[in-house]
Amino acid sequence: MLSRPSAGARRPAPFAAFAAFAALTLALTCAAARPAGLAGQRPWTAEDTRAVVASTTTLTLAPDLSRLGPGERVAVRKLLEAGALFQGLYEDQRHPDAAWARAHLAEGSDEALLYRLYGGPIGTNASNERVAFLPVRPEVPGKNVYPPGVERAELDAWLAARPEERDALLDVRRVVRRASASELDFDLAMLGAHPGLALLHPSLEGELRALRAQPAPEGFYPIPYALAYADQLERIRTLLLEAADAVAAEDADFASYLRLRANDLVTSNYEGGDAAWVAGSFGNLNAQIGSYETYDDALYGVKAFYSLSLLARDRARSDELAAALTDIQQIENSLPYDRTKRVRSQIPVGVYNVIADFGQARGTNTATILPNDADHARKYGRTILLRYNIMTEPTLFASAHNRFCAAVVEEQCDALTMGGNFERTLWHEIGHYLGVDRTVDGRALDDALGSVSNLYEEMKADLVSLFAAPALHASGYYTDAELRAVYAGGILRVLQLGEPRRDQPYQTMQLMQWNWYLDRGVVSLEDGRLRIHEEAYHDAVTSLLREVLAIQSAGDEARGAAFVERWTTWLPDVHGVIARAAASAPGGGYRLVRYAAVDGEGAR
Ligand SMILES: [Zn+2]
């Protein structure tokens, strides 16, 4: 492998600026040296650091791996190594100075803990603003997958004049560059250093050369992730192929998925791996590998960020669940919209214990459904990965329960159960299978709804889960207590600890639900707490779901944004009171997740 600087670290200008900082020992006393934050933002302070460090507890995931075969054990080692590379790539995608920060953090320092907690040099201060806690550039909405400092208006105008460029520029796995001789020379040199890529992307070199031949290259051009991150992806590809060889005799399906995914990384086309992933019947292991989720792209919401989740299958629970899932077509047919479709009766859903998560997948996420690509989902379906050792982690549930109890009237506190939360989450993921998956005129939802597409997809899934609950109760799937627990979980879900920012799709759509429930009498305020009125629940869920499905069907971003605006009111004497109560419940604060399988990695 050629020794080139990583994509995150290659631009010389910031390095000159940071050379001075590099001389400091970086248990950074950076408050004085730190560049100013964005206008109106409060800079990060030593007090912020103290508050975050003091409220962070570490949670270690250590699933039982004794059933793994010898080949599976080798595969685990290779995939953990690939995961560590994805972690670096993810941080580089999120911030242009991440590589610099990584190289200069002092092990064991508070800043190293913050970096690990936030996955980069940008933290969330007490005012829920994203600000730098290291001496790096402020965060921008397009992170590091668009040109530095580009504004949406400039890109919009450029695309409006060249609609034929839109698909390539806003592709899920391409970085956007601002055209200049030096950028083009760099990309051409990178292509020259990775001759295999020229074969896999036959038109790329010609396009770059044509642009470079212009007297003064201008505008924007896309680069496949395969080229932008070629060095790291080449190494990861090798690791996946080695993992496949190791596991082939024990788990042929998993091996063939790993081989296809290894190639997907260098073609930037995930179709082969996605098909093998969703349709394969795996043994003890499963893994989410590559760039899928677009939550980190706050400019257009279309660029995917890297992740790797390594999972151990809980066979007994997976088999039990598959048997319990009856035909979901009935639920699809009952949804409040008139474009119902055929859904698969066999949904690939599994119960897993997390061995380790890297990059975008790291955290306390309880479940995943992938792939997101509408065509892949239509052709092959989507796989649902329930993350059991996170869903049932005792300290996480205890703190969720405390939060719920602080927010609702006392006699409703015990309605929430771990089982109810598991079911609400399971049906949230199934909810992604149901409802609108294309606009009425055939466009993909991501494209059509742009910056609000994630928000509406997640709200749809939340609402389908709650919408299905009474029918599942009537069929005997839920007991009375389980129905109550799922409904309680629906209220826990919408509670906020502070006013969400618009670039937080989950929190924003949760606030919208909360406001809708207040408006429709599902919850009312009683002495600074919420009282849940179950009798009003189903009508409220149905009416909001109808709105969401209509907005997705229409695929009108402006209409979607206006609806968001209308339902995100934050009243200090309503939301603020509940948020304060929930935030001060015992067991709150930050969770740093560590993995027993990753030796030494956690110290960063
Ligand atoms: Zn979801």
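The values are calculated or read from the model by the stated rules, or taken from the named source; none is laboratory data. What you see is a predicted model; the values in this text were computed from it and never measured. Methodologically, a virtual Cβ is constructed for each residue, glycine included, from the backbone with ideal geometry; neighbour enumeration extends over all protein chains shown. Only protein heavy atoms, including side chains, enter the accessible area calculation; ligands, DNA and RNA are left aside. Shrake-Rupley method; radii C 1.70, N 1.55, O 1.52, S 1.80 Å.
Descriptive notes on the structure:
- Residues being open to solvent by 10 Å² or more (accessible area, probe 1.4 Å) and among the charged types (D, E, K, R) - total across the range 73-103: 6
- The range 283-311, residues that are within 17 Å of residue 504 (Cβ to Cβ) and among the polar types (S, T, N, Q): 294
- Looking across the range 299-322, the residues that are free of Cβ contacts under 8 Å to residues at least 40 places away in the same chain, open to solvent by less than 80 Å² (accessible area, probe 1.4 Å) and out of contact with any Leu (no Cβ under 9 Å at 6 or more places or on another chain) come down to 316, 322.
- Residue satisfying all of: in the range 410-447; open to solvent by less than 10 Å² (accessible area, probe 1.4 Å) and more than 15 Å from the ligand (Cβ to nearest atom); farthest from residue 388 (Cα to Cα) among these: 439
- Against the test of being open to solvent by less than 20 Å² (accessible area, probe 1.4 Å) and in contact with a Lys or Arg (Cβ under 9 Å, 6 or more places away or on another chain), the options 328, 355 yield a single qualifying residue, 328.
- Within the option set 383, 364, 368, being open to solvent by 40 Å² or more (accessible area, probe 1.4 Å), among the β-branched types (Val, Ile, Thr) and touching a residue at least 40 places away in the same chain (Cβ under 8 Å) holds for one residue only, 364.
- Criterion violated by residue 450 - all others in (1) more than 12 Å from the ligand (Cβ to nearest atom); (2) on the phi < 0 side of the Ramachandran plot; (3) under 20 Å from the mean Cα position of the chain (by Cα) satisfied: (2)
- Among the criteria (1) within 16 Å of the ligand (Cβ to nearest atom); (2) surrounded by 20 or more Cβ atoms within 10 Å (Cβ to Cβ), the one residue 469 does not fulfil is (1).
- Top-ranked residue of the range 252-263 - restricted to ones that are touching a Phe, Trp or Tyr at 6+ places or on another chain (Cβ under 6 Å) and surrounded by 24 or more Cβ atoms within 10 Å (Cβ to Cβ), ranked as nearest to residue 73 (Cα to Cα): 254
- Summed over the range 431-467, residues that are of a type outside the set (Gly, Ala, Ser), in contact with a helix residue (DSSP H, G or I) (Cβ under 7 Å, 6 or more places away or on another chain) and part of a helix (DSSP H, G or I) total 17.
- Of everything listed in (1) open to solvent by 20 Å² or more (accessible area, probe 1.4 Å); (2) within 21 Å of the chain's Cα centre (by Cα); (3) over 22 Å from residue 293 (Cα atoms), the single unmet condition for residue 131 is (1).
- Of the set (1) of a type outside the set (Lys, Arg); (2) part of a helix (DSSP H, G or I); (3) open to solvent by 40 Å² or more (accessible area, probe 1.4 Å); (4) in contact (Cβ under 8 Å) with a residue 12 or more places away in the chain, all apply to residue 168 but (3).
- Restricted to the range 363-422, the set of helices (runs of 4 or more DSSP H) holding at least 3 residues that are among the small types (Gly, Ala, Ser) comprises 394-407.
- Pair list, Cβ < 8 Å and 6+ apart or interchain, from the range 466-490 residues that are farther than 24 Å from residue 530 by Cβ to residues that are of a type in the set (Gly, Ala, Ser) and open to solvent by less than 60 Å² (accessible area, probe 1.4 Å): 477/324
- Subset tally (residues that are hydroxyl-bearing (Ser, Thr, Tyr) and under 24 Å from residue 584 (Cα atoms)) for the range 495-544: 4
- Condition met for residue 485 (within 16 Å of the ligand (Cβ to nearest atom) and small (Gly, Ala, Ser)): no
- Test: residue in the range 305-316 that is within 16 Å of the chain's Cα centre (by Cα), over 23 Å from residue 423 (Cβ atoms) and assigned to a loop (DSSP other than H, G, I, E, B): yes
- Among the residues of the range 222-244, not a single one is crowded, with 24+ Cβ neighbours inside 10 Å, free of Cβ contacts under 8 Å to residues at least 24 places away in the same chain and within 24 Å of the chain's Cα centre (by Cα).
- Residue within the range 492-501 that is among the charged types (D, E, K, R), surrounded by fewer than 24 Cβ atoms within 10 Å (Cβ to Cβ) and more than 16 Å from the ligand (Cβ to nearest atom) present: yes
- In this structure, residue 476 does not qualify as more than 16 Å from the ligand (Cβ to nearest atom) and within 29 Å of residue 558 (Cβ to Cβ).
- Complete set of residues in the range 388-409 that are open to solvent by less than 20 Å² (accessible area, probe 1.4 Å) and of a type in the set (S, T, N, Q): 399
- Checked against the criteria, residue 461 does not count as more than 16 Å from the ligand (Cβ to nearest atom) and either open to solvent by less than 30 Å² (accessible area, probe 1.4 Å) or aliphatic (A, V, I, L, M) (or both).
- Subset of the range 377-430 [over 24 Å from the mean Cα position of the chain (by Cα), under 22 Å from residue 318 (Cα atoms) and aliphatic (A, V, I, L, M)]: none
- Scanning the range 329-339 turns up no residue that is within 24 Å of the chain's Cα centre (by Cα), away from the ligand (no atom under 16 Å from the Cβ) and not in a strand (DSSP E or B).
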